[in-house]
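Heads up, the thing below is written out as structure tokens.
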Amino acid sequence: MHSLTKEIRAFSRTNLRKQCTRVTTLSGKRIIETWKDARMQVVEAADLNDGDACGYVQDLRLDLQVGVIKPWLLLGSQDAAHDLETVKKYRVTHILNVAYGVENAFPDDLTYRSIPILDLPETEILSYFPECFEFIEQVKLKDGVVLVHCNAGVSRAAAIVIGFLMHSEGLSFSQAFSLVKNARPAICPNSGFMEQLHKYQQCNNKANGTLNNI
């Protein structure tokens, strides 16, 4: 297990492409997450010049599609997490919020764990796995239902759920990815997360003494 931890920490980020991410908070404030001079910067979208735009087309439609990975494990966007009818429909008891700058909508009614993660290829998503996995496993033990979400429910939250299935179910990356993709077709972890998930499988294989590289 120690060797697995060392390999994860030693994972190189030098070849990963940088990008910026648009986030809309619960209050409607639009911000941009980006990196400059090796430091994360968060600025309001209104403060950016046209030349600084990320190239995203704003989509105001609500995304209330929830991927049912397990009866107790759900994946979705902040729209689903902020929609009371959707939360009640799926009997959600806990929410794992891995977005940056997205508030929790129902703190008096649900149990939350907020772990802000930037949707950047160079973000070390593997370093967040232990805390996220522990929370998900605790919900399962309590017979609860957990919704994992980020901003769009496409990259960060999807990577966490894929990694959790690899960890808890012993699935290969391709098996876990297919399962999550079937449940929520919109998922598309960024290139850095995909590379790290492949690395995670290789580390798991070595830890388990297997040669499976599916």
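General remarks:
- As a proxy for reagent exposure, ranking ARG91, ARG113 by other Cβ atoms within 10 Å from fewest up yields ARG91, ARG113.
- Two-decimal log10 I(q)/I(0) for the stretch 51-167, as the Debye equation yields it once each C-alpha is a single scatterer, q = 0.11, 0.18, 0.19 Å⁻¹: -0.34, -0.88, -0.98
- Computed from point charges on the beta carbon alone (+1 for Lys and Arg, -1 for Asp and Glu), the dipole magnitude for the stretch 62-208 about its Cα centre is near 480 Debye.
- With distances taken between every two different alpha-carbon atoms, the stretch 102-214 has a Kirkwood hydrodynamic radius of 14.7 Å.
- Length added when fully stretched, SER174-LYS89, from 0.36 nm per residue minus Cα-Cα: 27.6 nm
- Neighbour counting of Cβ atoms within 10 Å sorts the residues PHE164, PHE133, PHE173, PHE106, fewest neighbours leading, into PHE106, PHE133, PHE173, PHE164.
- Put in line by how crowded their Cβ is, counting other Cβ atoms within 10 Å and starting with the fewest, ILE125, ILE136 read ILE136, ILE125.
- Cross-link check: pairs LYS89/LYS140; LYS88/LYS181; LYS140/LYS181; LYS89/LYS142; LYS70/LYS206 evaluated at a Cα-Cα cut-off of 25 Å; pairs beyond the cut-off: LYS70/LYS206.
Any read-out appearing in this document is the output of simple, stated calculations on the displayed coordinates, not a laboratory observation. As the structure is a computational prediction, the values presented were derived from the model and not from experiment. Glycine also receives a Cβ, built like all others from the backbone with ideal geometry; neighbour counts cover every protein chain displayed.
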